[in-house]
There are 4 protein chains.
Amino acid sequence: MTQTSAGRLSDDVPLPDRLLAVATRMFAEKGFESTSVQEIVNAAGVTKGAMYHYFGSKDDLLYEIYHRLLGLQMRRLEQIAGGTGSAEERLRAAALDVLETSFLYLDDFTVFFRSTHLLPRDRREAVRAERRRYHECFRDLVEEGQREGSLRAHTPADIAVHFFFGTVHQIGAWYRPGGRLKTRTIAEHYVDLLLNGLKQA
Amino acid sequence: MTQTSAGRLSDDVPLPDRLLAVATRMFAEKGFESTSVQEIVNAAGVTKGAMYHYFGSKDDLLYEIYHRLLGLQMRRLEQIAGGTGSAEERLRAAALDVLETSFLYLDDFTVFFRSTHLLPRDRREAVRAERRRYHECFRDLVEEGQREGSLRAHTPADIAVHFFFGTVHQIGAWYRPGGRLKTRTIAEHYVDLLLNGLKQA
Amino acid sequence: MTQTSAGRLSDDVPLPDRLLAVATRMFAEKGFESTSVQEIVNAAGVTKGAMYHYFGSKDDLLYEIYHRLLGLQMRRLEQIAGGTGSAEERLRAAALDVLETSFLYLDDFTVFFRSTHLLPRDRREAVRAERRRYHECFRDLVEEGQREGSLRAHTPADIAVHFFFGTVHQIGAWYRPGGRLKTRTIAEHYVDLLLNGLKQA
Amino acid sequence: MTQTSAGRLSDDVPLPDRLLAVATRMFAEKGFESTSVQEIVNAAGVTKGAMYHYFGSKDDLLYEIYHRLLGLQMRRLEQIAGGTGSAEERLRAAALDVLETSFLYLDDFTVFFRSTHLLPRDRREAVRAERRRYHECFRDLVEEGQREGSLRAHTPADIAVHFFFGTVHQIGAWYRPGGRLKTRTIAEHYVDLLLNGLKQA
DNA sequence: TATGAATGAGCGTTCATTCAT
DNA sequence: CATGAATGAACGCTCATTCAT
């Protein structure tokens, strides 16, 4: 997992991490299938053998990117959801956090939402299961808000979560660093649109 | 462009259309890069030569899917945007329409938002330019609504459009026909969340 | 067979000739194998069917180029060799003539000496037999000159003919129309080098 | 570069050299375009991947044949031209040497003078530049002979070089090992014809 | 640990040729 | 006479992966 804002990958970064960082960057830029193992190891300054020593296959690289990202997201969400404050406050915080994380790990997200279908079936289902848990955790927060009355019950929580995550996952498809819109601005408006949409009209 | 709900592709469908329909289906299912030209022509019951008689390359197939879809969408949006009624009413109608179209051409959309990056540079930019026009047309509708006062001016129209289209484009990533949620239900709630989010709190 | 200096190929040229002319030009420029039948018929402004109506195959096109060229050369040589004057005079005239013909039909010659090996075996041997007759006719002239005493007998006539034809056949490999050297100049010096080389030291 | 007279290509020859030798043989026999990569690697007893490990493309194989041959020739010519003796003596030695080399590397030469036009433009021009240097070195020798008076000045040196090299390059088109004419005989007569042709009549 | 030569299966594409119309 | 859709076989090339060293 590579922070978009992170600097150079100095030689003292452990090789597996360096390989993952390089792979993430290239997958985001050219796509998983258009990036050869040779290109990855060249960019990382090692040979194929080294890569196959740490990763069983090219698919493993992809899976590992997903796995790390999902783990990170889940930990953050659980911490926020389990915190103090009203459901609405925690939902707002979680929504803002997922957006900020998305901007921070933009390449990882881009790869994720573009290439899941390329994983072998079993891996794909493992990823989906992790995603589902994450989705449900977020959904519970929405339902809690509906029960406490701060959010209207009219919208099924599942749909609201699909609605919000859908647009979060698409960010990598249009957002370009250095453009006119700042990430913080986008994040705040997105959260606002979600929360306002869930309030009484 | 293939309606997901369409029936069999009988032999009297012109070969180019049949190839496009088959390709759309397979690209949506397994991804562009994981679908070989051989598989496509096998499924269409012809040989590679026949395909290359009509399409210059595998990329052309992809581009043609995009091109047809974008043309269809643009025509529909222009008709709705140029219709009668308040800006809010037309925005609501347009939002509902793009959702219904998305469900109808789910495979085409899935391919679109997953594989644009695989097009050669020039084609990719042609597609982006078409998308931009579409985006701007929709954005104008939002701005008109803000000027007429039915929508709050707080949210920049550009962001609102990215917000909405983002989630529309992700539908293919999670929606499965035959599932618990009906397309009409989803569409209505999505439109409602958008419009409600854009109203005064 | 196309005269390099010939003008446009107007529509009233019989189709077979137009096809041969176009093919000769393209074969000389890009090589036989790198020129597709489609390109030839496009350049000639007809369709494949038309070409296959007149020529049984792409190889036939090549063979016909050779056949016409060899026929032309043989007729010219026989006329010169059977003329009046000393053997040396007739040899000089024949040598000059073959050079001038080579410049005039430069494309045809270029194709000839580059692509003979691409003909099917039987055709290739037919061409070789025609070449051999031509070679022998020229050789007889050299031997006649040696018998009459104007040429030294030291050089085997066969070798002299290979020597001269070798360089004639290579002209297309280096000569470029419009360059510094004029065809007439080259031809005269080549003939001079041959005849002088065959004289008593 | 393969000596025509060389024996079998035992397994201990490095693979790149073995591939080059096999390719040279086949290109000379059937032509570059009519020889598939598959045939080459079959004959060398390896798979395509092995070939592409060492050569970037089929064109590279061709270029390498040229490059090695040109390097060899240039080195030999420079050594002879820079030696002692009159210009005429060095010219005679150089002419004899290029002929003997041509017979020794007959396949390489055959490929060279038949397939240069099949190289990609940049490679083709690199080869032409190398050829030009070679041509100029030889031409300088002729001009030196003209200045020292042993050769007549009547013939432009450039034309004389084209004349001689032309026929040298065609040798592969007609000479067959094992035939009636011996290489040494041919070489001596060719050199004699050149030198005698350049002497005062 | 790490190398890099080599594999083997598959890829997108080309093209001379055929044939129903 | 001429068309052009379609074939079928081959082509150059790629690449994830393996394995002797």
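The values are calculated or read from the model by the stated rules, or taken from the named source; none is laboratory data. Given the structure is predicted, the values throughout are model-derived calculations rather than measurements. Here the Cβ positions follow ideal geometry from the backbone for every residue, glycine too, while neighbour counts run over all protein chains shown. Only protein heavy atoms, including side chains, enter the accessible area calculation; ligands, DNA and RNA are left aside. Shrake-Rupley method; radii C 1.70, N 1.55, O 1.52, S 1.80 Å.
What the table below lists for this structure:
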{"item": "Kyte-Doolittle mean at least -0.5 and Cα axial length at least 24 Å: DSSP H helices in chain B", "result": "B:58-81, B:87-104"}
{"item": "Gyration tensor over alpha-carbon atoms, the range B:9-83, equivalent ellipsoid semi-axes in Å", "result": "26, 14, 11"}
{"item": "Contact order relative to length of the range A:15-54, as percent, for alpha carbon pairs under 8 angstrom and 6 or more apart", "result": "42 percent"}
{"item": "Per-selection metrics, the range A:33-119 (Cα): Rg and Dmax in Å", "result": "16.9, 53"}
{"item": "Ascending list, in nanometres, of distances separating the D:ARG184 label from those of the other copies (7 Å, Cα toward Cβ)", "result": "4.7, 9.2, 10.1"}
{"item": "In the range A:148-201, the trypsin sites (Lys or Arg not before Pro) that fall in loop regions by DSSP, at most 16 other Cβ within 10 Å", "result": "A:ARG152, A:ARG180, A:LYS182, A:LYS199"}
{"item": "Against the rule of thumb 2.2 N^0.38 Å, how large the Cα Rg of the range A:86-130 comes out", "result": "1.49"}
{"item": "FRET efficiency, 1/(1 + (r/R0)^6) with R0 30 Å, evaluated for C:MET74 and C:TRP174 via beta carbons", "result": "0.70"}
{"item": "Per residue, in Å², the accessible surface of chain D once ligands and nucleic acids are set aside, probe 1.4 Å", "result": "44 Å²"}
{"item": "Partner chain coverage, peptide B:28-35 - average Cβ within 10 angstrom", "result": "3"}
{"item": "Cα-based Rg and Dmax for the range A:15-54, where Dmax is the largest Cα-Cα distance (Å)", "result": "9.1, 25"}
{"item": "Kirkwood Rh and Cα Rg combined as Rg/Rh, the protein assembly as shown", "result": "1.15"}
{"item": "Cα-based radius of gyration of chain C once divided by 2.2 N^0.38 Å, which approximates compact folds", "result": "1.12"}
{"item": "Rounded, prolate or oblate (a/c below 1.5 giving rounded, otherwise prolate when a/b exceeds b/c) for the range D:108-183 by Cα gyration tensor", "result": "oblate"}
{"item": "Mean separation of Cα contacts under 8 Å (6+ apart) over length of the range A:76-185, as relative contact order %", "result": "38 percent"}
{"item": "Rg to Rh, two decimals, where the range A:51-91 supplies the alpha carbon set and Rh follows Kirkwood", "result": "1.32"}
{"item": "Shielding by partners - mean other protein chain Cβ count within 10 Å, residues of C:194-200", "result": "5"}
{"item": "Axis-nearest residue of A (beta carbon) for the A-onto-D rotation, whole Å", "result": "A:GLY49, 4"}
{"item": "For residues of A:43-56, the mean tally of beta carbons on other chains within 10 Å", "result": "0"}
{"item": "Proximal aspartates and glutamates to D:LYS182, defined as alpha-carbon separation beneath 16 angstrom and excluding residues fewer than eight positions away on the same chain", "result": "C:ASP158, D:ASP97, D:GLU100, D:ASP192"}
{"item": "Among D:81-88, B:75-82, B:40-47, the order from most to least packed when residues are scored by Cβ within 10 Å on average", "result": "B:40-47, B:75-82, D:81-88"}
{"item": "Portion, in percent, of the accessible area of the protein assembly as shown that falls on carbon or sulfur, probe 1.4 Å", "result": "48 percent"}
{"item": "Relative contact order computed over chain B (Cα-Cα under 8 Å; 6+ residues apart), in percent", "result": "25 percent"}
